[in-house]
Amino acid sequence: MAFNFSSKPNRRFLLRLGGSAVVFVLSVAAAKHLIGRGLVEGPLVWVFALMPGLAMVGMFYAYGMLIIEQKDEFIRMLVIRQLVIATGIALSFATLWGSLEHFGLVEHIYPYFVAIVWFGGFAFGGLVNRITHGAWGEMS
């Protein structure tokens, strides 16, 4: 997969996505350490618990801004297809798992795992683009 680093939308996307990913990893580690050991209490627990989720929201924001800022309509269409496929997979997973969980057939999972499924669906959407349009979604 080629990625055009000279494109301003692509550079901004990488900065947004990379920055959010770094905040996500660091905030998960900090929250597990501080909350898990009881080193923070009160409103700070909420702050540390929300940080990973907000970082994930930042990743979704990066994808949205890539669509808005992308000038190449074909590439924009490929990214949107990937987003639609990812969303369909994640919502289908959440619905099916929720139904199974409701009837006691599977264990409870935390809802943020749906976001992880979404990212996997985004990668799968790239494969679908490659098969159907001959392009992975390279950003030119």
Q.
Every residue in the stretch 54-84 that is open to solvent by 80 Å² or more (accessible area, probe 1.4 Å), under 20 Å from ASN129 (Cα atoms) and assigned to a helix (DSSP H, G or I), please.
A. ILE68, GLU73, PHE74, VAL84
Q.
For the stretch 85-140, which positions are open to solvent by 60 Å² or more (accessible area, probe 1.4 Å), part of a loop (DSSP other than H, G, I, E, B) and under 26 Å from LYS8 (Cβ atoms)?
A. TRP136, SER140
Q: Among the residues of the stretch 26-53, write down those that are open to solvent by 80 Å² or more (accessible area, probe 1.4 Å) and either outside any helix (DSSP H, G or I) or more than 20 Å from TYR110 (Cβ to Cβ) (or both).
A: ARG37, LEU39, GLU41, PRO43, LEU44
**Q.** Filter result (without any contact (Cβ under 8 Å) to a residue 24 or more places away in the chain and of a type in the set (Val, Ile, Thr)) within the stretch 28-56
**A.** ILE35, VAL40, VAL45, VAL47
Q) How many residues does the stretch 1-24 hold that are closer than 20 Å to PHE113 by Cβ and either open to solvent by 90 Å² or more (accessible area, probe 1.4 Å) or modelled with pLDDT under 95 (or both)? A) 0
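The values are calculated or read from the model by the stated rules, or taken from the named source; none is laboratory data. From a predicted model like this one, the values you see are computed outputs, not experimental measurements. For neighbour counting, all protein chains shown are included, and Cβ atoms are generated from backbone atoms with ideal geometry for every residue, glycine included. Surface accessibility is based on the protein's heavy atoms, side chains included, excluding ligands, DNA and RNA. Shrake-Rupley method; radii C 1.70, N 1.55, O 1.52, S 1.80 Å.
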